[in-house]
Structure formats: C-alpha cells, structure tokens
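Undergrad: Sharing a structure below in structure tokens format, with a few things to ask.
The values are calculated or read from the model by the stated rules, or taken from the named source; none is laboratory data. It should be emphasised that the depicted structure is a prediction, and the values quoted were computed from it without experimental measurement. Here the Cβ positions follow ideal geometry from the backbone for every residue, glycine too, while neighbour counts run over all protein chains shown. Surface areas here come from the heavy atoms of the whole protein model, side chains and all, with no ligands, DNA or RNA. Shrake-Rupley method; radii C 1.70, N 1.55, O 1.52, S 1.80 Å.
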Amino acid sequence: MPRFRPQRWDLRVYGATESMGEYRWSWPEFDELPRVEVVADLHCVTKFTLPDNRWSGVPAASLVELAPPAPSVTHVMVWAEYGYSANLRIDDFIAPKVLLATHRDGERIAPEHGLPVRLVVPHLYGWKSVKWVRAIEYLTVDRRGFWEERGYHNLGDPWAEQRYAYQEEPGQGPPR
Ligand SMILES: Nc1nc2c(c(=O)[nH]1)N[C@H]1C(S)=C(S)[C@@H](COP(=O)(O)O)O[C@H]1N2
Ligand SMILES: [Mo]
C-alpha cells in the first residue's frame, strides 16, 4: 500500500495537452480545488458491489478544463503509484459523475482505498477506478492499462458485462 507523503505528492497532467506543456498540482493546491458530491456504487468485476457511496472530490471534467487537451485527444491513461494504470475514453473520463475523490461518506479516503486521491468511475467496472492517482496522460491513440493488458475488457461497462478482452467487438480495443 503506497504511503502518502504530502510534501512529495503531486498530480500531473501530461501527454497531448493543447499547450504542449504539462500541468502539476502540489497537495495543498489540489486539496483546494472546488469539490462536488456524487452518490454512486462501485462494481468490482470479480467480487463485490459497494452500493451507495457518497463520494466527494474534484470532477475529472474540471481537471480537463484546467488542463485543456489537444483536439486530437481521444483517451486518457490514469496512472497510480507503483505503475498501476487504467485507460478510459475521454468521454468516459469527463462524464458527469466521474470524480478524483478525496472523501467517502464524509471522511478522507482510507489508505487502502486510495489516500489521498482515487478516481471514481461509477459507470465502469471497479478496476477503472484507479486508487492512489498521480497522473493523467492524454492519449491521441488508445492504449491498454494494467488489467486491460492482462485480459480484461478495454471498456468495462458492467451493465453490458464487458469483463474480458475476448468479448471485445471490433473497434472496442486499441488499434493493433
Ligand atoms: N492503484 C490501484 N487502483 C485500483 C486497484 C489496484 O490494484 N491498484 N484495484 C482496482 C479494483 S479491481 C477495484 S474493484 C477497486 C476496489 O476499490 P476499493 O479497494 O476501494 O474497494 O479499486 C481499483 N483500483
Ligand atoms: Mo476489482
């Protein structure tokens, strides 16, 4: 479990930004960004559903407004401590309930659940809800993240039961 060291922590947005530069928030800067609340479930692909969490955090869409992507950006890679990652279509990332969450049910996210910041993507399987987030990479070509490289579905819609890569329809995976 990654240890949270506020002095060393930062959140970066890099890759295909509109300005070609990268964006960075220190912990105090990030912790001051305006938050919203979202009530949503979390669906793990193999195990559990955690219903009715009250998440509070920075909308992913707000971050994208603060760090504008180039027009050619189609996907993001969300990076965590220790190299875990998940890829998302940009439209899934900026969907209304997607948060970089700092709180759950009124408390700071617990260390094992992603302290200080985790992604919450209520409309996709849990492995896309990256804990211990440190960076967002803007992509102009889709690329598989940690579990997507290891046989999980590239999109991961739980309502369509998109669990495994072999279920992918043409066009749902990255170009090969
Ligand atoms: N960095 C990181 N994020 C991660 C994971 C992980 O192993 N590392 N596991 C994912 C999976 S498979 C699920 S179901 C959820 C579980 O979130 P929870 O531990 O808060 O219940 O976190 C996701 N985010
Ligand atoms: Mo999971």
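Undergrad: Alpha carbons only, please: Rg and Dmax for segment 13-110, in angstrom.
TA: 14.4, 42
Undergrad: Ok, one more. With every protein chain kept in place and ligands, DNA and RNA left out, what is the accessible area per residue of the chain? Probe 1.4 Å, answer in Å².
TA: 52
Undergrad: Just to make sure I understand: if all protein chains stay in place, what is the order of L100, L50 by accessible area at 1.4 Å, largest first?
TA: L50, L100
Undergrad: May I pose another question? Let me know the charge dipole size of the chain about its Cα centre in debye, to the nearest 20, where only the beta-carbon of Lys, Arg (+1) and Asp, Glu (-1) is charged.
TA: 540
Undergrad: Let me ask something else about it. Hull surface divided by four, with the convex hull built on the Cα atoms of the chain: how many nm²?
TA: So the Cα hull casts an average projection of 9.8 nm².
Undergrad: Heavy atoms only, probe 1.4 Å: what % of the accessible area of segment 11-143 goes to carbon and sulfur, would you let me know?
TA: 55
Undergrad: Also, I was wondering about something else. Toward the positive end of the charge dipole of the chain, about the Cα centre and with charges on Cβ (Lys, Arg +1; Asp, Glu -1), which of A95, F146, S129 goes farthest?
TA: The residue sitting most towards the positive pole is F146.
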